[in-house]
């Protein structure tokens, strides 16, 4: 083989090895549910629910921009948002938390995004509110106060679904997350927020925001969903859903 051809092939091989890996955005969902105190001796009990989302791309500075999440919850638990004070999403966007009635705050948490090359990390404070109904469906409002950029309100619609495995579906469109003028939008990389075990009195009885059947401590179910991104791709997710605080069964 001529020396010149060998040299050309060597250069091509070196360039192939140096080429960056194809960008692949991945995601995970983690739910941590815990019963209210005293649940071990009951058939049903109030439940707090922590939701943790992680989105990343090892081959890129930031993942693709998230545009929608759909999460399906196991059958058995019931949400009772219709009995709790409700906040209007438009009022929350315009006036902030002071627009929401007392008792509509469900919980708090944190979020993170990335908008390279302008900024690699955008931190945000997150508050969850019980929203007004939409077509008879409950809504969960995600009020986001970022370090950089405008305040945003994401509205998730919680629908009852029929089938042997799932009881609810939470559908949340994710709008653009602007940072500063003429700078890239932020892509969601992390979300961690907890819906507390809240109660309200109604006709002489105590109603929990989330009411669940009590099962053995550490029992897990499977949940599924889908994450959609700006390039039109949709990735399915299948994760464990763990319930803690129940009786220690043999």
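Computed from the coordinates by the stated procedures, all read-outs in this text should not be read as laboratory data. Note that this is a predicted model, so its numbers are computed, not measured. Here the Cβ is made from the backbone with ideal geometry for all residues, glycine too, and neighbour counts use every protein chain on show.
By the gyration tensor of its Cα atoms, with a ≥ b ≥ c the square roots of the eigenvalues, what is the shape of region 48-96: rounded for a/c under 1.5, prolate for a/b over b/c, or oblate? Oblate. Taking label points 7 Å from Cα along the Cα-to-Cβ direction, residue 230 and residue 83 give a separation of 4.3 nm. Between the helical axis of 3-18 and the longest alpha-carbon principal axis of the chain there is an angle of about 10 degrees. Between the beta carbons of residue 52 and residue 118, assuming R0 = 25 Å, the FRET efficiency works out to 0.45 to the nearest 0.05. A simple spin-label model places pseudo-atoms 7 Å from Cα toward Cβ; at residue 94 and residue 32 they are separated by 3.8 nm. For the chain, adding -39500 (n - 2.57) for each run of n ≥ 4 DSSP H residues and dividing by the number of residues yields -3000 deg cm²/dmol at 222 nm. Projected label points at residue 61 and residue 40, each 7 Å from Cα along the beta carbon direction, are separated by 5.3 nanometres. Rounded to the nearest 5, the antiparallel percentage of DSSP beta bridges internal to the chain is 95%.
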